[in-house]
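Asker: Quick one: this structure, given as structure tokens, is what I'll be asking you about.
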Amino acid sequence: MRALVLILSLLAWPAMAEDVVLGLSSDKVSITTSFNGSQILIFGAVKRETAIIEDPPLEVVLTVAGPSEPVMVRRKARRAGIWVNSDAVEVDRAPSFYAVASSGPLREVLSATENLRHDITIDRAIRSVGAPAGITDAPNFTTALVRIRTNAGLYQRLEGAVAIDEHTLFRSSISMPANLTEGSYVTRIFLTRSGEVVSQYETLIEVRKVGLERWLFNLSRDRAMIYGLMSLAVAVAAGWGASAAFSLLRR
Amino acid sequence: MQVYLPVAEVSVNAFLILGLGGLVGVLSGMFGVGGGFLATPMLFFIGIPPAVAVATQANQIVASSVSGLLAHFRRKTVDFKMGSVLLVGGLIGSAAGIFVFNYMKSLGQVDLLVQLSYVVFLGIVGALMFVESLVAIRRSRSQAARKPRERRHKSWIYTMPFKVRFRTSGLYISAIPPLLVGGMVGVLSAIMGVGGGFVMVPAMIYLLHMPTKVVVGTSLFQIVFVAAFTTMLHATTNYTVDAVLALLLLIGGVIGAQFGTQIGLRLKAEQLRILLASLVLAVCGKLALDLLLKPAELYSLNPVLN
């Protein structure tokens with residue numbers, strides 16, 4: 001596959017045949033009982049058959065996107081003196097996690113056209129089609145979604161966070177918060193020159209619950225009855241145990 | 001030490017949860033209440049999703065109530081017949097409560113429902129308790145010899161049909177009021193994630209005129225089953241019971257309860273009640289302010305279910 005991409009890119013840009021060779025510090029994130037967020041080092045090199053072109057300089061933009069899901073965004077309004085949820089807009093698709101890192105200010109390393117074509121910035125990763133009748137300011141809801149997730153560390157815009165050495169080696173590290181959603185995280189790397197994408201590469205980082213977390217979560221979904229009974233059994237046993245232990249202590 | 005909760009899908013500090021469980025345990029030991037009314041809002045505050053907090057708290061209540069019930073069972077201060085009638089009401093109420101909970105969730109108003117229930121019930125119970133214990137303190141200070149109050153006319157409760165004899169409580173009353181009280185507590189248990197002892201105990205004393213010594217044991221008997229039923233309903237319909245969170249709360253609670261009992265033994269009953277009333281009112285006030293003041297973030301995100 002990579003060979004095919006290489007061939008295709010050689011055909012497409014015979015003059016500037018540059019391709020990404022990527023490394024990840026880890027291609028899977030395991031959510032264990034002690035999981036407290038994760039730091040992923042994304043590094044790689046630019047493979048090329050021709051001499052390095054130094055001007056315009058090579059820039060790198062990379063994105064990591066968690067699984068997309070519909071989200072209900074609700075807004076509070078004052079009704080009868082108290083603040084209650086009133087208006088709601090369903091955002092059709094929003095990634096649960098999204099980080100975009102670049103080697104320089106985004107507007108310099110990526111042209112607006114290329115951003116539209118490849119959906120790189122956060123606002124391009126969110127799809128919101130229409131709002132219910134009666135809501136005239138639907139964009140405010142999308143803005144709020146981005147603001148809330150940015151504050152929670154789920155959406156990150158890391159300009160200048162990709163380091164490039166000798167126009168060839170690049171590296172960046174993305175920190176993922178503890179409240180990650182499970183799924184395949186699409187990781188894309190774009191090489192750009194004067195705002196134009198000259199090469200791109202895509203891979204997946206798997207985020208999975210493992211061990212006890214996996215077992216408990218599956219049990220709670222697939223065998224809810226057994227899970228509920230198990231929770232109750234633990235509770236009853238603990239209550240009985242505590243009562244017995246302390247009546248022994250008092251004696 | 002961070003622990004990732006599998007169902008809540010958030011990472012929390014284990015010691016924070018243990019401490020919270022412990023604090024609630026101290027309260028339950030001091031005052032003989034489950035402490036759910038305090039623990040559930042605290043869990044919201046830590047960042048546990050409300051639905052998970054409410055469901056998990058119901059599971060935690062089973063544990064603390066079993067422990068208390070066994071102690072009362074040994075002292076034979078449980079009226080099983082009254083408890084069963086309360087329980088029947090409780091199960092019906094709990095099912096109705098889950099239905100309301102899920103309906104409000106689909107409307108996006110579940111947080112409001114939970115918060116309003118808290119403000120209303122904590123406000124009423126806290127204010128009543130506060131006034132009552134102030135009066136009691138003043139009475140004990142004035143040292144005035146008082147005649148024991150005569151029991152007034154038999155209340156409306158005695159005029160209702162379907163009379164049943166409750167031997168342990170020494171009552172011969174209609175089964176309808178206990179059913180209603182039980183049903184109300186069931187609804188509260190499902191919506192608020194509380195055992196409902198703080199509503200049921202006063203209702204049993206002032207409404208049903210049960211003797212004080214059997215009140216707590218009987219209330220615990222009912223709470224164990226209603227909370228267990230609520231846990232099962234939440235676990236099977238909403239998948240929101242977090243076993244790891246429940247376990248952490250439980251360990252803290254068990255240890256805290258012992259310290260609480262020791263503290264409780266050193267304070268006078270009126271002082272205890274006024275402390276509890278202040279605490280209930282403080283929690284109520286905090287929740288009321290959240291509803292009345294303009295929130296810093298007007299928008300909130302919810303997953304779309306289906």
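The values are calculated or read from the model by the stated rules, or taken from the named source; none is laboratory data. What you see is a predicted model; the values in this text were computed from it and never measured. With ideal geometry, Cβ positions are generated from the backbone for all residues, glycine too; neighbour counts draw on all protein chains shown.
Asker: Quick one: residue A:171 ticks every box in (1) modelled with pLDDT of 85 or more; (2) in contact with a Lys or Arg (Cβ under 8 Å, 6 or more places away or on another chain); (3) buried (at least 17 other Cβ atoms within 10 Å of the Cβ) bar one, so which box is it?
Answerer: Result: residue A:171 passes all but (2).
Asker: Of all the residues that make up the range B:215-255, how many are at pLDDT below 80 and within 24 Å of residue B:86 (Cβ to Cβ)? Step through it out loud before you land on a result.
Answerer: So the first thing to find is which residues in the range B:215-255 are at pLDDT below 80, and the list is B:216, B:238, B:254-255.
Now drop any that are not within 24 Å of residue B:86 (Cβ to Cβ), which leaves B:216.
Residues meeting the conditions: 1.
Asker: Quick test of your reading of the structure: residue B:295 fulfils all but one of (1) in a loop (DSSP other than H, G, I, E, B); (2) buried (at least 20 other Cβ atoms within 10 Å of the Cβ). Name the failing condition by number.
Answerer: All conditions pass for residue B:295, except number (2).
Asker: Select, from B:20, B:5, B:43, the only residue that is closer than 22 Å to residue B:261 by Cα and either modelled with pLDDT of 80 or more or in contact with a strand residue (DSSP E or B) (Cβ under 9 Å, 6 or more places away or on another chain) (or both).
Answerer: Working: B:5 fails: closer than 22 Å to residue B:261 by Cα; B:43 fails: closer than 22 Å to residue B:261 by Cα.
Unique residue meeting the criteria: B:20.
Asker: Further question on the same structure: Which residues, taken from the range B:24-80, are among the polar types (S, T, N, Q), surrounded by 24 or more Cβ atoms within 10 Å (Cβ to Cβ) and under 28 Å from residue B:170 (Cα atoms)?
Answerer: Across the range B:24-80, the qualifying residues are B:28, B:64, B:65, B:67.
Residue-wise test of (1) more than 7 Å from chain B (Cβ to nearest Cβ); (2) touching a Gly at 6+ places or on another chain (Cβ under 9 Å); (3) modelled with pLDDT under 85.
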{"site": "A:185", "(1), (2), (3)": "yes, yes, no"}
{"site": "A:192", "(1), (2), (3)": "yes, no, no"}
{"site": "A:199", "(1), (2), (3)": "yes, no, no"}
{"site": "A:205", "(1), (2), (3)": "yes, no, no"}
{"site": "A:211", "(1), (2), (3)": "yes, no, yes"}
{"site": "A:214", "(1), (2), (3)": "yes, no, yes"}
{"site": "A:225", "(1), (2), (3)": "no, no, no"}
{"site": "A:245", "(1), (2), (3)": "yes, no, yes"}
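Asker: Exactly one of (1) more than 14 Å from every other protein chain (Cβ to nearest Cβ); (2) over 26 Å from residue A:190 (Cβ atoms); (3) touching a strand residue (DSSP E or B) at 6+ places or on another chain (Cβ under 9 Å) is unmet by residue A:133. Its number?
Answerer: Condition not satisfied by residue A:133: (3).
Matching residues to (1) over 14 Å from residue B:246 (Cβ atoms); (2) assigned to a helix (DSSP H, G or I); (3) under 19 Å from the mean Cα position of the chain (by Cα); (4) more than 13 Å from every other protein chain (Cβ to nearest Cβ):
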| residue | (1), (2), (3), (4) |
| --- | --- |
| B:7 | no, no, no, no |
| B:20 | no, yes, yes, yes |
| B:28 | yes, yes, yes, no |
| B:39 | no, yes, yes, yes |
| B:59 | no, yes, yes, no |
| B:85 | yes, yes, yes, yes |
| B:93 | yes, yes, yes, yes |
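Asker: Restricting to strands (runs of 3 or more DSSP E) lying wholly in the range A:149-251: which have 2 or more residues that are within 23 Å of the chain's Cα centre (by Cα) and within 24 Å of residue B:302 (Cβ to Cβ)?
Answerer: A:155-159, A:183-193, A:196-209
Asker: Tell me whether the range B:239-252 contains one or more residues that are more than 11 Å from chain A (Cβ to nearest Cβ) and either part of a loop (DSSP other than H, G, I, E, B) or of a type in the set (D, E, K, R) (or both).
Answerer: Scanning the range B:239-252 turns up no residue that is more than 11 Å from chain A (Cβ to nearest Cβ) and either part of a loop (DSSP other than H, G, I, E, B) or of a type in the set (D, E, K, R) (or both).
Asker: Could you please give the count of residues in the range B:176-190 that are closer than 19 Å to residue B:126 by Cα and modelled with pLDDT of 80 or more? If you could, list the steps in order and put the result at the bottom.
Answerer: Initially, the range B:176-190 is screened for residues closer than 19 Å to residue B:126 by Cα, giving B:181, B:184-185, B:188-189.
Then drop every residue that is not modelled with pLDDT of 80 or more, which leaves B:181, B:184-185, B:188.
Number satisfying all stated conditions: 4.
Asker: Go through the range B:261-284 and count every residue that is surrounded by fewer than 14 Cβ atoms within 10 Å (Cβ to Cβ) and either within 14 Å of chain A (Cβ to nearest Cβ) or charged (D, E, K, R) (or both).
Answerer: Final tally of qualifying residues: 4.
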